[in-house]
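These notes are about the structure you will find just below.
Computed from the coordinates by the stated procedures, all read-outs in this text should not be read as laboratory data. Because the structure is a prediction, the values reported are computed rather than measured. Neighbour counts are summed over all protein chains in view; Cβ atoms, including those assigned to glycine, are modelled from backbone coordinates with ideal geometry.
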Amino acid sequence: VTTTTTRATDPLQLAADSPFAGFVGVGVGIDVHNDQPDWRRLLRERGKIPFDFFEVYTRGDVAGAHAVRKAAGTLPLLYHDDDLDPIVPGAPDAKALAAARENLAAVGAPWCVSELATRRLGARYLDFFQPILLTEEAARVAAENLQRIDAALPGRIVAENPPYQLPVGPLHVLEVMARAIDLANVACVLDLGHLFSFQLCKGLPPLTGLDAFPLERIVELHVAGAELDDRWGPALYRDAHGAADIAPEVLEMLGEVAPRCPNLRVVTIEVEEASVERVRQQLEQTRAAVRPLLERRPRAARG
Ligand SMILES: [Fe+2]
């Protein structure tokens, strides 16, 4: 494999009539089980709240997946899983895979987002993500699992970089991510808040490592609200999703990174727990950061 061929190639290979065949715009990540934001209200007020798609979290509940597909009409939908454990050797388990398959089909999404992280410690289920170890071996394990998942799903698996508060291992998170997705030959989501969390831990500028990263594999960018906690020295980035504002640094990263990704399809704001008012405000900020890309879309796609 030569880098010249992989660089130019679209890693998703979607059909030309897919709603995600080109750049779609800015959408919101919602949890169908949350009261806030009320996703049905967002759908009703879509004329006033300018989002271009939903990324749906169902926690594996296929009834929720069907409900949102039915209510969303022609709105394009993506699916975010959190149970596939692609960093655990020998994962995923058959039940998690079956649930992902069923939910992805019910939502009708062309790809399924999965973080390179796990919530499991042996038999215990944790309330927080353990991110991928920053080693070659961890990248290989993740790649094997991503391939298995990719082969088993009705759409593509797309890997997301997880958040860090205590990075373990010698590699940069972008090196581990690049190795895993290259070996598995899959696309990725770059979560800019998560990337920022890693750089803060290491005392690095926000975009360190990006020049060497295969940007053509990025099909989706994430931003989300967060709290920066510097009470004990170096700032820690705490993902708060809709419960906090998006850090200005992250919006700046978005403005710089988005135009550099030739296969970018969507920018997703993860807004679980946000009020409708905050969703509206974050959409405004995020759209402003990628304004040139939004304006370049064909007129019919601009809504
Ligand atoms: Fe994310």
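With a simple spin-label model that places each label point 7 Å from the Cα along the Cα-to-Cβ direction, the separation between GLU45 and ALA151 comes to 4.7 nm. Entry for the chain at q = 0.07 Å⁻¹: log10 I(q)/I(0) = -0.23, Debye formula applied to identical alpha-carbon scatterers, no solvent contribution.
Centre-to-centre separation between the Cα atoms of the stretch 133-199 and those of the stretch 205-261: 16 Å. Computed over the chain, the per-residue total of -39500 (n - 2.57) for DSSP H runs of n ≥ 4 gives a 222 nm mean residue ellipticity of -10500 deg cm²/dmol, rounded to 500.
When the Cα convex hull of the stretch 80-150 is projected onto planes of every orientation, the mean area is 4.8 nm².
Can you list the lysines whose alpha carbon sits under 29 Å from that of LYS95, skipping same-chain ones fewer than 8 residues off? Output for LYS95: LYS70. Using C-alpha pairs under 8 Å with a sequence gap of at least 6, the mean separation divided by the residue count of the chain gives a relative contact order of 20 percent.
Legend: calculated FRET efficiency, LEU166 to ARG124, from the Cβ-Cβ distance at R0 = 30 Å, rounded to 0.05, equals 0.95. On full extension, the segment bounded by ARG140 and ALA16 gains 41.4 nm, given 0.36 nm per residue less the C-alpha separation. Compactness check for the stretch 192-247: Cα Rg over 2.2 N^0.38 Å is 1.22. Rg ratio for the stretch 25-84: its Cα radius of gyration over 2.2 N^0.38 Å, N being its residue count, equals 1.05.
In the calculated pair-distance distribution of the stretch 1-126, the portion above 27 angstrom amounts to 28 percent of the Cα-Cα pairs.
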